[in-house]
């Protein structure tokens, strides 16, 4: 009996051990949720994708490869978050959404419940009335007002009595404030009515008139707002106001530089004051149009998290100046200096151009300190067969039960000198803020920021007064409230053999 009892106990221990092994996480650090648990499809996708790609994966305890010892533990963790949006930000590295501070390490990762909206936005397609504006908070009050920065040609706003420099106080008769502006300006209301005002001295004065605007589906933004060659005291100065880095307008951008070359431009004023960023590759093409097409000179180098970095070749990690857009030869001005108009609304790919050119070109920055976004992102969807990377040719492979898309920060760019540390922004060489009482007409030689650049180019002191009465200090802009926000994305094809393990 004693031997039989010992044999029985031994079998129980073996069975218990087998059951325990069944619950262990197999095949390395990739856990699987319990299939009979509550639906955690979205949370599981988010964790798997972020564990692989997130730049700060090693710094987030809940994304650690050894965070969960069993699948049951992993499942319980996913189930503890019923809201996928909250779950996503909980595994970002001190995201501003969580800590409520601009001091957060990760200020820019975001998500979109419908990845199609995200993808369309990356191409410059959205629902919009064409009004681009900044929002300013009244001193000592929760009330805010908006000011028009520019209007998209061919949009609904372009047909209405509203223009750059106009102020608006109310939406549908309701005073804008810090608590209602999202719903009033960026909510589901396709049509709204703005109460227009203007600036007198340091006071906002109501005009007692309104303008009705309607958002239109599939509004396409041409990022080239102004492209012209100015003749300033005999010097041909190219002026380009470029408001997003959108790869589907690369040929138009190259054509603009072809015209600059044909016009004999020897100087360039690149206006990025409202440009929140976009395509990394488009920034490389623009830099090549400015500086040159030497494909042996380094534009930028990428740095990913350790598990991704180890799987990428030096050739993939290094981007050189370009000689072609992919469809046509680059038209370049071959400049040794460039004047860049940039402000706190200039971010990501705008800053990347400035930093990438700095080792080769004298970049003269006029304006204000930039946003300080030096990381890039990629679009991730629930397609584990493609390492979660969105590919338009694999729409049929994306989980039909999960439409969420992620745009997390996955890497950082450094220039040829190895410099990348500008999270506090790039400081101006010549500081000059926009003045709400005198925004000027974009592209006009008397517009303050452009006039200041032209003064540097000609060496002739203008009679113009550059003092600022009411500084345009917007806490957010209409462009930042779009799905792509102030994002910079890597759009070069990633290797297809990235290991999820």
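Whether any residue in segment 472-488 is surrounded by 15 or more Cβ atoms within 10 Å (Cβ to Cβ), part of a loop (DSSP other than H, G, I, E, B), at pLDDT 90 or above and more than 25 Å from the chain's Cα centre (by Cα) is what I want to check. No, segment 472-488 contains no residue that is surrounded by 15 or more Cβ atoms within 10 Å (Cβ to Cβ), part of a loop (DSSP other than H, G, I, E, B), at pLDDT 90 or above and more than 25 Å from the chain's Cα centre (by Cα). When each of 45, 55 is tested for being assigned to a loop (DSSP other than H, G, I, E, B) and either in contact with a strand residue (DSSP E or B) (Cβ under 7 Å, 6 or more places away or on another chain) or at pLDDT 95 or above (or both), the lone residue that passes is 55.
From the set of residues in segment 336-359 that are over 17 Å from residue 430 (Cα atoms) and in contact with a helix residue (DSSP H, G or I) (Cβ under 9 Å, 6 or more places away or on another chain), which is surrounded by the fewest Cβ atoms within 10 Å (Cβ to Cβ)? Among them, the one singled out is 357.
Does segment 144-162 contain at least one residue that is outside the structural domain of residue 282 (by TED's automatic domain parsing) and under 30 Å from residue 411 (Cα atoms)? Walk me through how you get there before you give the answer.
If we filter segment 144-162 for residues that are outside the structural domain of residue 282 (by TED's automatic domain parsing), which is where we start, we get 144-162.
Restricting the remaining residues to those that are under 30 Å from residue 411 (Cα atoms) gives none.
No; the residues of segment 144-162 include none that is outside the structural domain of residue 282 (by TED's automatic domain parsing) and under 30 Å from residue 411 (Cα atoms).
Condition check: under 30 Å from residue 309 (Cβ atoms), touching a strand residue (DSSP E or B) at 6+ places or on another chain (Cβ under 8 Å), part of a loop (DSSP other than H, G, I, E, B) and not assigned by TED's automatic domain parsing to the domain that holds residue 53. Does residue 439 satisfy that? No: the conditions fail for residue 439. Restricting attention to segment 189-231, and to residues there that are in a loop (DSSP other than H, G, I, E, B) and in contact (Cβ under 8 Å) with a residue 40 or more places away in the chain, which single residue is nearest to residue 270 (Cα to Cα)? Across segment 189-231, the extreme among qualifying residues is 223.
Table: residues versus (1) in a loop (DSSP other than H, G, I, E, B); (2) touching a helix residue (DSSP H, G or I) at 6+ places or on another chain (Cβ under 7 Å).
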site: 296; (1), (2): yes, no
site: 311; (1), (2): yes, no
site: 316; (1), (2): no, no
site: 322; (1), (2): yes, yes
site: 333; (1), (2): yes, yes
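In segment 419-434, the residue that is nearest to the chain's Cα centre (by Cα) out of those that are crowded, with 19+ Cβ neighbours inside 10 Å and within 21 Å of residue 133 (Cβ to Cβ) is 434. Scanning segment 181-234 for residues that are surrounded by fewer than 14 Cβ atoms within 10 Å (Cβ to Cβ) and under 26 Å from residue 253 (Cα atoms) turns up 217, 218, 231, 234.
The values are calculated or read from the model by the stated rules, or taken from the named source; none is laboratory data. Remember, it's a predicted structure, so these values are computed and weren't measured experimentally. Here Cβ is always computed from backbone atoms with ideal geometry, including for glycine, and neighbour counts include all displayed protein chains.
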